[in-house]
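Undergrad: Quick one: the structure is below, and I'll ask about it shortly.
The values are calculated or read from the model by the stated rules, or taken from the named source; none is laboratory data. The shown structure was predicted, so the numbers you read here are calculated from the model rather than taken from an experiment. Neighbour counts are summed over all protein chains in view; Cβ atoms, including those assigned to glycine, are modelled from backbone coordinates with ideal geometry.
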């Protein structure tokens, strides 16, 4: 008779053994039948021929993607997760029987490390009550497929309407799912993609034994020529191979431990808080962009709290006078909490009211408030400055080079006067990861100019129908590149015409990841501004933990 309790422990140990992109291969266990790839499985979903009846769970969306499959060319990508329980699900119909044990396996990748990935079962008991059970789980390792496996999960007696689903213990990162398998109890489902490392299996022969211990000892002295071997030797997955990995591997082979511990990698101070590269985050946001915002995003909805609009002024040492600004404080603003800040700039001949009130037509307060209430945007403070910054005159007097320079001078007013004032008078989070900038028309030009000159201050840069006049390298060097550049243009813009497209082409030519948001039917006005704000506020402050 098979001792299923021991088998569970063994399966969990091998399921935990994953490294940098691929799940562990379970070693052959006594008394367990090991099937070949497609032999005898009750369900085997590879997503090579479609979604196989998987769908989004909760607010999540699920669709087949060729971005990063575990095997073959396709996987199931899960996006738009607003809660940890939002994931992907499949109705199992009559495949499984209540009161029986089955073997489950799924390979899952999260775009962020940290939270546990979970393979779970929803069902109704004999009394019709919906209940849930966790089949298997493993710690997410960014860019790594983890195998969630349990060779002997018992389906409760009387269970009906069974739904298999994948979720996370916390967080809302996008997920990739591949190779979902259900088989008869006791089936060890070994997962290893060609040419990839399995933690502990340094020799790459599919078995973790004393030869791997010898290889790890040699690696301490001589290092590794094979990168996969070096990855496999890092058994605690902290991104560093050292003597503690050798000790852990020896203890595993000797039977003193049944699984390798997971040790959080140390994050250097200069990169703490960052979870995405510019390219990764841009790609993620681009998949979520809508052409035009839903009309109900403009409406105040029952039960939703909206922010408070205040008008105030600050002294500008740049302009030698008081300057006005409008600020939108989030609902339930508290000095006991700190908030990220978004600066939003107006266009030529306009003022601080244009992008927030503008005779009640803009609906900016509602668009942002609804996004926050839906959990799609973070609580934030939004500042709407008057950006004309001349030391000799208070208002624009014409559209010429002298007035253009007064607008371009806002970089000094913003960084030397307004930002320090906001930091002193409001409860804000500082740092580029908590500071965003966007603008319309001439404000869009300023956003791009400031973003390129001061990437140390702004982590998110937007531009709506930006005016001509931006010059420079159209790229960022070193570690100070922003998390996101979001460029919006309208197809019916009869003011700046193709200028935004020229910026888009320059960013593309220079290899700068950016979102190109081309609004069909958008003019040089509200029907380009509002779609941008709807998308942009859902993206800012989301690239870091």
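Undergrad: Anything in the range 523-545 that is within 17 Å of residue 466 (Cα to Cα), assigned to a loop (DSSP other than H, G, I, E, B) and either in contact (Cβ under 8 Å) with a residue 60 or more places away in the chain or not assigned by TED's automatic domain parsing to the domain that holds residue 377 (or both)? List them, or say none.
TA: 524, the sole residue that qualifies.
Undergrad: Looking at 368, 356, can you tell me which residue is under 25 Å from residue 388 (Cβ atoms), touching a strand residue (DSSP E or B) at 6+ places or on another chain (Cβ under 7 Å) and part of a loop (DSSP other than H, G, I, E, B)?
TA: Only one candidate passes the filter, namely 356.
Undergrad: Do we have any residue at all in the range 462-473 that's in contact (Cβ under 8 Å) with a residue 40 or more places away in the chain and within 19 Å of the chain's Cα centre (by Cα)?
TA: Yes, the conditions are met somewhere in the range 462-473.
Undergrad: Mind checking which residues of the range 420-438 are more than 19 Å from residue 463 (Cβ to Cβ) and either assigned to a helix (DSSP H, G or I) or outside the structural domain of residue 452 (by TED's automatic domain parsing) (or both)?
TA: 420, 421, 422, 423, 424, 425, 433, 434 - these are the residues of the range 420-438 that are more than 19 Å from residue 463 (Cβ to Cβ) and either assigned to a helix (DSSP H, G or I) or outside the structural domain of residue 452 (by TED's automatic domain parsing) (or both).
Undergrad: Then there is this: Can you pull out every residue in the range 237-256 that is within 25 Å of residue 145 (Cβ to Cβ) and either touching a residue at least 40 places away in the same chain (Cβ under 8 Å) or part of a helix (DSSP H, G or I) (or both)?
TA: Across the range 237-256, the qualifying residues are 237, 244, 245, 248, 249, 252, 253.
Undergrad: Across the range 334-368, what is the number of residues that are out of contact with any helix residue (DSSP H, G or I) (no Cβ under 9 Å at 6 or more places or on another chain), at negative phi and at pLDDT below 95?
TA: Of the residues in the range 334-368, 4 are out of contact with any helix residue (DSSP H, G or I) (no Cβ under 9 Å at 6 or more places or on another chain), at negative phi and at pLDDT below 95.
Undergrad: Of all the residues that make up the range 320-351, how many are part of a loop (DSSP other than H, G, I, E, B) and either without any contact (Cβ under 8 Å) to a residue 60 or more places away in the chain or closer than 29 Å to residue 526 by Cβ (or both)?
TA: Total satisfying the criteria: 11.
Undergrad: Could you tell me which of the residues 456, 477 is free of Cβ contacts under 8 Å to residues at least 24 places away in the same chain, within 26 Å of the chain's Cα centre (by Cα), surrounded by fewer than 16 Cβ atoms within 10 Å (Cβ to Cβ) and not in a helix (DSSP H, G or I)?
TA: 477
Undergrad: Considering the range 119-154 alone, what residues qualify as being surrounded by 20 or more Cβ atoms within 10 Å (Cβ to Cβ) and assigned to a loop (DSSP other than H, G, I, E, B)?
TA: 140, 141, 144, listed by residue number.
Undergrad: Considering (1) surrounded by fewer than 22 Cβ atoms within 10 Å (Cβ to Cβ); (2) assigned to a loop (DSSP other than H, G, I, E, B); (3) touching a residue at least 60 places away in the same chain (Cβ under 8 Å), say which one residue 86 fails and leave the rest.
TA: In the conditions (1) surrounded by fewer than 22 Cβ atoms within 10 Å (Cβ to Cβ); (2) assigned to a loop (DSSP other than H, G, I, E, B); (3) touching a residue at least 60 places away in the same chain (Cβ under 8 Å), residue 86 misses (1) alone.
Undergrad: Somewhere in the range 440-451, is a residue crowded, with 24+ Cβ neighbours inside 10 Å, in contact (Cβ under 8 Å) with a residue 12 or more places away in the chain and outside any helix (DSSP H, G or I)?
TA: Yes; the residues of the range 440-451 include at least one that is crowded, with 24+ Cβ neighbours inside 10 Å, in contact (Cβ under 8 Å) with a residue 12 or more places away in the chain and outside any helix (DSSP H, G or I).
Undergrad: Being over 22 Å from residue 285 (Cα atoms) and surrounded by 24 or more Cβ atoms within 10 Å (Cβ to Cβ) is the filter here; which residues of the range 459-473 pass it?
TA: 467
Undergrad: Could you list, in sequence order, all residues of the range 304-327 that are over 28 Å from the mean Cα position of the chain (by Cα) and more than 22 Å from residue 414 (Cα to Cα)?
TA: 308 - this is the single residue of the range 304-327 that is over 28 Å from the mean Cα position of the chain (by Cα) and more than 22 Å from residue 414 (Cα to Cα).
Undergrad: Report, by residue number, each residue of the range 386-405 that is crowded, with 20+ Cβ neighbours inside 10 Å and out of contact with any helix residue (DSSP H, G or I) (no Cβ under 6 Å at 6 or more places or on another chain).
TA: Across the range 386-405, the qualifying residue is only 386.
Undergrad: Against the conditions (1) over 28 Å from residue 336 (Cα atoms); (2) out of contact with any strand residue (DSSP E or B) (no Cβ under 7 Å at 6 or more places or on another chain), where does residue 416 fall short? Just the number, please.
TA: (1)
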